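Student: Mind looking over this structure? Questions follow.
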Amino acid sequence: VKERPADFVVRVATLDDTHALGALIEASVRALSAGYLTGEQIEGELRYVISPDTQLIADGTYYVAEAPDGGLAAAGGWSRRRALHGGDAFKQAHPDANDLLDPATQPARIRAMFTHPGFVRRGLARRIFETARDAAAAEGYRSLILTATMPGVPLYQSLGFTLVRRYDDPLPDGTRVPVAEMTMEIRS
Ligand SMILES: CC(C)(COP(=O)(O)OP(=O)(O)OC[C@H]1O[C@@H](n2cnc3c(N)ncnc32)[C@H](O)[C@@H]1OP(=O)(O)O)[C@@H](O)C(=O)NCCC(=O)NCCS
């Protein structure tokens, strides 16, 4: 029996979720990036860039969708800090990553959206995005920005984001990963 959207609960993530989030992220990226990225790019992203960002969790700006059995079905959030992407390990190399933004002049970040491969296309990423967008708007932000890897682009286009530019993110091992910078105004 396929769960209905109402069977999934979206709640704020806590640091107790960190381990399960790591597993969710790896399963999501490995299964859902095929066809968009090479195996080398996928493993490079997981090794150097993508992992839980515990600053977002501590800030209370990261959300999870819980399946009826209590497992994590999806995750994502927003940030009032400078970094556009990257988990804890990646951000250690970027000392300004946690600098706070000015809501009046700078866009809030949409960050780290991942759905478990068993729960895609049920609107979970959209629900988490809408929760994040509304929280950013309530804090005074007027626009959103993100950098997406290729598997995320169809979602963000569907949510109303506009492509600003595409570029290749060079990883420490020399692998290059294409990313898209996208933005959106928050209408209030
Ligand atoms: C991108 C991702 C988070 C989408 O999660 P999801 O929960 O399946 O997304 P939703 O069900 O909320 O999709 C909302 C809409 O986005 C669009 N969309 C989402 N995934 C899509 C896909 N693979 N292909 C085309 N359109 C897609 C559709 O318009 C969809 O609405 P529809 O299902 O009614 O057609 C998920 O595919 C994922 O985790 N990918 C791997 C990790 C990743 O790349 N994350 C982004 C990092 S920047």
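Student: Rounded, prolate or oblate for the stretch 114-155? Axes are the square roots of the Cα gyration tensor eigenvalues, ordered a ≥ b ≥ c, and the cut-off for rounded is a/c under 1.5. Each step should come with its number before you reach the end.
Tutor: On the way: a/c = 3.48, a/b = 1.63, b/c = 2.14.
The shape class here is oblate.
Student: Quick one: grab the alpha carbon gyration tensor of the chain, order the square roots of its eigenvalues as a ≥ b ≥ c, and give me rounded if a/c is under 1.5, else prolate or oblate depending on whether a/b is larger than b/c. Spell out each step's value before the answer.
Tutor: Details: a/c = 1.33, a/b = 1.04, b/c = 1.28.
It is rounded, given that a/c, with a ≥ b ≥ c, falls under 1.5.
Student: Here's something else I'd like to know. Is the C-alpha gyration tensor of the stretch 49-133 telling us rounded, prolate or oblate? Criteria: a/c under 1.5 is rounded; beyond that, a/b larger than b/c is prolate, otherwise oblate. If you can, show how the numbers build up before the last one.
Tutor: On the way: a/c = 2.46, a/b = 1.62, b/c = 1.52.
Because a/c hits 1.5 or more and a/b exceeds b/c, the stretch 49-133 counts as prolate.
Student: Alpha carbons only, please: Rg and Dmax for the stretch 1-80, in angstrom.
Tutor: Rg then Dmax for the stretch 1-80, in Å: 13.7, 39.
Student: I would also like to ask the following. Measure off 7 Å from each Cα along the Cα-to-Cβ vector at Thr18 and Ala58, then give the distance between these two points in nanometres to one decimal.
Tutor: For Thr18 paired with Ala58, the spin-label model returns 0.9 nm.
Student: Let me check against my output: what whole-number percent is the relative contact order of the chain, with C-alpha pairs under 8 Å and at least 6 apart? Don't skip to the end; give the middle numbers.
Tutor: On the way: 342 pairs, mean separation 41.3, N = 188.
Averaging sequence separation for qualifying contacts and normalising by length gives 22 percent for the chain.
Student: Turning to a different aspect of this structure: For the stretch 51-74 and the stretch 113-177, compute the distance between their C-alpha centroids and round to whole Å.
Tutor: Each part's Cα centre sits 15 Å from the other's.
Student: Take Thr105, Thr18, Thr162, Thr149 and order them by how many other Cβ atoms sit within 10 Å, fewest up front.
Tutor: Values: Thr105 8, Thr18 15, Thr162 11, Thr149 21.
With the fewest neighbours first, Thr105, Thr18, Thr162, Thr149 line up as Thr105, Thr162, Thr18, Thr149.
Bear in mind that the values in this text are calculations on the coordinates, not laboratory data. Everything quoted here is computed from the prediction, not taken from an experiment. Glycine gets a Cβ as well: all are built from the backbone with ideal geometry, and neighbour counts include every protein chain shown.
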